[in-house]
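Enquirer: Below is a structure I'd like to ask you about.
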Amino acid sequence: MTIEASDDIVHLVGRCGAEEAEGLLQLLLERPRPVNLARCEYLHTALVQIVWASGVGITSDGAPLLAEWLCRLLDATGGRGASPIA
């Protein structure tokens, strides 16, 4: 399982492929909450698009490179609310 959700955050874990896109979309539509990338090793662009479109925050907890890169990408393309959360 590469998506783990709690009441206040969604964790993307390991290799997150396109097959996870629908599940992530449903979670964020039902209850928008930040996405944590600390344990994410691979992130398919379908998931990047969902995070971008949802406008939720991104957190990294010790894996700042992926979160920082994604935030810069989303900011450059007009992403709404794509900012790291401390």
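The values are calculated or read from the model by the stated rules, or taken from the named source; none is laboratory data. Everything numeric here is computed off the predicted structure, so don't read it as measured data. Reconstructed Cβ throughout: ideal geometry from the backbone, glycine too, with neighbour counts over all protein chains shown.
Enquirer: Please verify whether Gly55 is surrounded by fewer than 17 Cβ atoms within 10 Å (Cβ to Cβ) and at positive phi, treating the condition exactly as stated.
Expert: When the stated conditions are applied, Gly55 passes them.
Enquirer: At pLDDT 90 or above and surrounded by fewer than 12 Cβ atoms within 10 Å (Cβ to Cβ), is that true of Glu19?
Expert: yes
Enquirer: Taking only pairs six or more apart or across chains, which ones have beta-carbon atoms under 9 Å, a first residue in segment 23-48 that is in contact (Cβ under 8 Å) with a residue 40 or more places away in the chain, and a second residue that is acidic (Asp, Glu)?
Expert: Pro34/Asp8
Enquirer: Those residues that are assigned to a loop (DSSP other than H, G, I, E, B) and within 12 Å of the chain's Cα centre (by Cα), I need them from segment 1-47; list them, please.
Expert: Thr2, Ile9, Val13, Pro32, Arg33, Pro34, Leu37, Ala38, Arg39, His44, listed by residue number.
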